[in-house]
Structure formats: structure tokens, C-alpha cells
Amino acid sequence: MRNPVFAMLGRNAGKIALVALLALPGLISVYDAVTKPADPNPNRKPLPPVPAGIAELLETPPLLDAWINDHFGYRLPLLQYNNRLRFKLFREFPTVQMAAGRHGRYFLSAHNTSMQPYQALTTVCSRATADQATVAHLNRLFRAFHGAGLDPKLLVVPSAPQVYPEDVPRFLESECGSEVNPIDDMIKSPRIERTAAAAMFYPLREMREIKKSALLFPKTWFHWTGDGLDQVARLSLTHFWQRPLDQAPALAQNRRIQRADVSHLFDGVLLESETIEPDLEKSGVKGCWGAACYPEIADIAAILRDVSRFDNPRAPQRRLLIVSDSFGSKVSAWYARYYARVEQFATNDVGRLSPAQLEAFKAYMYRERAGTDILFLYHDGGVLNNVLRFGTEPLLPAPLPKA
């Protein structure tokens, strides 16, 4: 006679297996919490303490839920598999910050997770305007530099949605492909002083032409990189300084497949593109990235982090100072074709400098004035979202002493 217990188990084998499968990650979570109390990841929620009273007991469920979300057994492999499945089936990302476009191109959709979907595209395409604080700062910036005897220029870089409007989601194509855009409106606005407007350049039409023959934005990248950056560098120099550039020998190039620069925003989905960068060694250019490039201001460079330096003995004996957002570090090497020295400093962390460090930093940047060109370089979203304003406000130079 068949054992009734075994018969019951046989009838419910599928249910038992499913419960065991679901329970296993939970058991692993508890085991890890007991055996590995010190979590090496400070961003993950800790296990809440045993409640000491009714009030703490009522506060425990959301804390426990957050801990489970961060420590569930096999959490990372499960998230990666889920993300890969969603991407393969629906071309969806697990974050509002990324969106699939058309023709194999992907876009940074929002600058942080609290933003609305497609915020990063609609901001630069047409729906944003430069606020009064930004306009006032730009007027003040150029007045301050001119008052200090310096003549900087501002290159505003069109971002991928503007340069490739045919690749954005279809419902945004006409908006991103329009000739009307927030940056040109700002430059033409009567709110901008004419001396400031004359020192700004937004090469949107030119870059839409350059893309036909050269790479400006890899299809899976937010930042720009490609041989088209050399053309933008030449364009900016002739526009701002009208200097002959034909004597500068072209830089050798290096093509390779790289992971997308936005890969840290999602787990489990592999996005890659071919990139084109200068081959500095073959070109005879000494390149350097990071704090070690500037031993003269080592403590400052260590805080700023996103800094670079290039020396080209074959180029004209001038220095180019690039003050930028993160777009600057990708183009600065291409400018080494035209300058004996290029120094690039991103301002994302300039607010962390002490007052004494700020003064030392400005003294270092604004040295060798007669032989230096100054280029501010920020992408259009950085201008409209106050990255430029907050990054450059602390860097205004002191006026020249009165005679």
C-alpha cells in the first residue's frame, strides 16, 4: 500500500519545489546577515535593530523591506537577468535615466532618477529656457574676465539629441530637429550683453553637417568622442581666434570597442560602441589624465579629479586653458594638435575647494596670460541646468588694479 505522506508529496511536488526555490534566496539573506554582519557596501540599507517598543515596531516594516530589497539572496544575478530579459524583449532599461532611440542609438533620458522620463532630451531640444540667474551670471562672467584683462570664449556643445534628431524616439523628432532651440534663443536674447553674446558659439548646424562624414557621438554614449571632435576643435578656433590652422599635422587615431559611458546606470545590459580617439604616442604628444598631471597644485587637482594635460612640441607655442564640464576631458586631446600645451579642468567639484585653494587655483590657471587662450566648454544641458553657473562662479578673476 502506498504511503499517504509520499502520495501527498508527489501530488504537490511542483508547489513544494516552487516554495523552496523562492525561499532559498530569503534563507541566504538571513544566513549572510548572521555570518557577515559588516556590509562592505555603505550604500545598502542595514538590518534594522530589534524594536524596543510599539513606536519602533511600527517603524520597522519599511526599514525591513528596504533591507530585503538590498540584501535578497542572489539579488545581483536576479536583477541582471531581469534587466537583460526586459532589454531583449522590450528594449527597456531598469532606470528612467536611459531610453532607447531609433537606428540603434540610446540616450541619457534623465539626469537623475527623480526626473521625468525624457527630461534630458526635452530640456536641450526646446522646452527649457535659460533662467535669469544663468543669463545674469554669463553677463557677470564676461565682464569680470574682461575687467581682469582676459578674453575667454564659451563653446556650448550640442548634445546627441540635437545632433541626431532622426535617432530620438519618433514623438520627439520634430522637437529635437527644429532650428529653434534654447541656446540660440539665449545667445540672441536682449538679456545677454552683446560683448558676452559675441564670445559664445553653439555649432549645432555645423555639427549636424560634420556627423555626415565623422563620428561625434557613439550610439551608446552620452559623452561625445570621435574623429568629428577634431573638426569641432578647428571650427571653434577659427570662429573665436581666426588663426590659420593648416600648419598643424593631423593626429594619429585609435579605434576600439568600448563599453558605454552610461553603463554604471544599469546592471546586466551590455552596450558597446566603436570609439575614435587620438593616438597620442604615435602623434608625439605627451598626454596625462588625473591629479598626477599637476604636481604644482597636487592638492587641488586631487579634489577636482577630472583634469587632463597635453604637451605637443610640434604645435604652435601657445597654451590653451579649457574650463569645462565632463565633455571637456573628451575633446581636450584633440586640441593638442593646435597648441604646445593644453590644460583642462572640469569644475564639477570646484565647490569642494577651500578659499585658499581657490585663490591658488585661479593664480595657476590665469598665469602666462599673453600666451594663453581661455575656452569655457560646457554641453547645452550643462548650461541650461546650471552646471556652468555653479562651476564657474567661484573662478571669476580679480579685476586689474586701477592705474
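The values are calculated or read from the model by the stated rules, or taken from the named source; none is laboratory data. Nothing here was measured: the structure is a model prediction, and the numbers come from that model. Virtual Cβ from ideal backbone geometry, glycine too; neighbours counted across all protein chains shown.
Could you run through the stretch 163-191 and say how many residues are hydrophobic (A, V, I, L, M, F, W, C) and over 17 Å from LEU108 (Cα atoms)?
So the first thing to find is which residues in the stretch 163-191 are hydrophobic (A, V, I, L, M, F, W, C), and the list is 163, 168, 171-172, 176, 180, 183, 186-187.
If we keep only those that are over 17 Å from LEU108 (Cα atoms) as well, we get 180, 183, 186-187.
Within the stretch 163-191, residues that are hydrophobic (A, V, I, L, M, F, W, C) and over 17 Å from LEU108 (Cα atoms) number 4.
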In the stretch 238-253, is there at least one residue being in a loop (DSSP other than H, G, I, E, B) and basic (Lys, Arg)? yes
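Determine, yes or no, whether VAL331 is assigned to a strand (DSSP E or B), at pLDDT 95 or above and of a type outside the set (Ser, Thr, Tyr). Steps first, please.
Details: assigned to a strand (DSSP E or B): no; at pLDDT 95 or above: yes; of a type outside the set (Ser, Thr, Tyr): yes.
Answer is no for this residue.
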Within the stretch 102-152, work out how many residues are under 20 Å from HIS264 (Cβ atoms) and surrounded by fewer than 19 Cβ atoms within 10 Å (Cβ to Cβ). 6
Among the residues in the stretch 32-42, are any out of contact with any Gly (no Cβ under 6 Å at 6 or more places or on another chain), surrounded by 11 or more Cβ atoms within 10 Å (Cβ to Cβ), modelled with pLDDT under 65 and not in a helix (DSSP H, G or I)? yes
What pairs come up if the first residue lies in the stretch 222-241 and is free of Cβ contacts under 8 Å to residues at least 12 places away in the same chain, the second is not aliphatic (A, V, I, L, M), and their beta carbons are under 9 Å apart, counting only those six or more places apart or on different chains? THR238/PRO244
Inspect all residues belonging to the stretch 345-356 and state whether any of them is out of contact with any Ser or Thr (no Cβ under 7 Å at 6 or more places or on another chain), surrounded by 15 or more Cβ atoms within 10 Å (Cβ to Cβ) and more than 30 Å from PRO161 (Cα to Cα). yes
Which one of the conditions (1) within 17 Å of HIS223 (Cβ to Cβ); (2) at pLDDT 95 or above; (3) in contact with a strand residue (DSSP E or B) (Cβ under 6 Å, 6 or more places away or on another chain) does ALA260 fail to meet, given that it meets all the rest? (3)
Only one of (1) polar (S, T, N, Q); (2) touching a residue at least 60 places away in the same chain (Cβ under 8 Å); (3) outside any helix (DSSP H, G or I) fails for THR113. Which number is that? (2)
Cβ contacts < 9 Å: first residue assigned by TED's automatic domain parsing to the domain that holds LYS45, restricted to the stretch 55-69; second residue at pLDDT below 80 and part of a helix (DSSP H, G or I), any location; separation 6+ or different chain. Result? TRP67/SER29; TRP67/ALA33; ILE68/GLY26; ILE68/SER29; ASN69/ARG75
Which residues, counting only those in the stretch 153-180, are surrounded by fewer than 22 Cβ atoms within 10 Å (Cβ to Cβ) and closer than 30 Å to LEU396 by Cβ? LYS153
Out of the residues in the stretch 254-306 meeting the condition of being outside any helix (DSSP H, G or I) and aliphatic (A, V, I, L, M), tell me which one is surrounded by the fewest Cβ atoms within 10 Å (Cβ to Cβ). ILE257
